[in-house]
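Following: one structure in structure tokens, then a few remarks.
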Amino acid sequence: MLQEYSPLLHSNSSSFRRNHASSNPLSDITGASFSQTISIPEENKSKRFCIGISSTLVLSLGGLIVGYGLGYSSPASADLSKSPLNAIIFPLFSSLYNLGGAIGSLLTLATLNRLGRKFSLYLSLILFQIGWLLIAIVPKNPYSLIAGRVVSGLGMGICTTVTPTYLAEISPPKYRGFYCSFFQFFIALGILVVYSLGACLGTLTHHGIIKDTRYLSADNYVYLALFIVLVITIQSILLFYLYPSPYWLLFKSLHAKAYKVFSYYWGYSNEASIEISQVVGRVRYIGPNQIRTLLLPEVFAPCLVGCGIMFFQQFTGINALVFYESSILQTSLLKYELSGNVASIPPALVQVIFTIIASLCVDKIGRKKLLILASIGMGFSMAILTVYEVFVTYPNLYLDCTLSGNALVDSIQCQLLGWTAIASICIFNAAFALGWGPVPWIVVAEITNVRWKNLTMGVIVFVSWFSAFIVTLIFPYYKDLVYSFGVFSTFFIFNILSIIFVVILLPETRKKNLIEIENFFGSKAFPFFRF
């Protein structure tokens, strides 16, 4: 039987059993054959909290790698769109990361339960490492660049499927939203890091500090790729010391170890006992991943809601801004001698700050309220950007503005208009970070059926990254067809639709355990999803 190895779990398992005597009160509930009582006294809450935070940080490093890849195209566009990729192929290069993510999410159908959460994350790290090394080591070959982008995308698909699941399964219900929001925080941090490094490398290259040598290329995208290789290596080492998922241990009938992991993270043996008693009956048999399983009400309902959430997360406009923020802001810089990479840093910083705020609010305010407030803010931002792009497209028609290269110049009105665009992007990033950034990853990890989590999470994350692939692929061509104001007005409409979706179909999952949520979707509370 394959077991997820953890030195913490194996080093003292025998002493753990020896130190707790008498008969086991959980044996009737779980079917486990224990000869000793497993009774862990209540631990110091701050110690449990520190344990949870440290484990969450290690797992969330994968989010930094994901975010780094999402933002990579923006600072790398100046070099890649000229050579070796031309301006026509570059949008495909940008979107292939998301396509790889869609395919990678489907790989978890086979790995999530068979290999476990921990080994599945190691698989994603291997794919990340191969992909980024292809970009860094063979930078002048367009085929190597495209292959590296796809392979790293495969790693992203696995990582974004497994990590939210892993976090949700080790988190106490009271703090699940807080712990799970770290993943999105690190995604936002990864975007900020790659923007900042791109701006720094651009400045160093501009002043001639970085020059061509015989051994190193002066192309900035190579240095950017080498940096994330180091981060991947660090997470690979730290991940070795984490406990495996307690739910996966229950799937493998390792009840004693599962109870120990629950108690390690939660600190209260009673809560661990209740969680095991609720879960073990659901996981005695895990059948094959059959498509017809999706038609079961308790599987289909949360899967459909999760797909809808992920669809709106991508089609409200975030990926279009992330991938092409530099070029959008370049038009707004006016007479100021700032590059698009430098101007992309403030919106990314805003997203990081508001993701922290969201992590503190998600378990107090609730998931639904945050999503609705976020959609309102994002829709307002898209409306402002629509008006701005009308002025940019027809400058002489509305204001005394002229275009000089890629920048609006002349009147104070035009300068204020440009800064309004930057402010609108910051508002959008703040609203997204409050709601549609972290909350969807939290909700889909909570609502997916415990028994069929590998199937439902794989499908939901596939919808997420395939939607992102469509957005990033068609954005430049759709922009040429309807102009930028047409694109932003379309995103405005999707933000309005997202409010309707959340109000009507999304249940509030705050402070509910995973079994309670599963029972809700399987009950008559969702008659719309019954056949």
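For the stretch 108-186, the fraction of 1.4 Å probe accessible surface lying on carbon and sulfur atoms is 78 percent.
Kirkwood radius, the stretch 126-189, all distinct C-alpha pairs, inverse of mean reciprocal distance: 13.2 Å. Derived scalar couplings between HN and Hα for the stretch 368-376 equal 5, 4, 5, 5, 5, 4, 5, 4, 5 Hz in order, rounded to whole Hz, by the Karplus curve 6.51 cos²θ - 1.76 cosθ + 1.60 (θ = phi - 60°), x for Gly and Pro. In terms of distances greater than 24 angstrom between alpha carbons, the cross-link table entries K140/K479; K368/K512; K47/K511 yield K140/K479.
You can think of it this way: the chain between F49 and L373 has 113.7 nm of extra reach, that is 0.36 nm per residue less the Cα-Cα gap.
Taking all protein chains as shown and a probe of 1.4 angstrom, R510 keeps an accessible surface of around 80 Å².
Of the residues L96, F178, V150, the one whose Cα sits farthest toward the positive end of the charge dipole of the stretch 89-202, with +1 on the Cβ of Lys and Arg and -1 on the Cβ of Asp and Glu, is F178. Normalised by 2.2 N^0.38 Å, where N is the number of residues, the alpha-carbon radius of gyration of the stretch 343-390 equals 1.37.
The values are calculated or read from the model by the stated rules, or taken from the named source; none is laboratory data. Source: prediction; values computed, not measured. Neighbour counts run over all protein chains shown; Cβ positions are idealised from the backbone, glycine included. The accessibility values were calculated without ligands, DNA or RNA, using every heavy atom of the protein model including side chains. Shrake-Rupley method; radii C 1.70, N 1.55, O 1.52, S 1.80 Å.
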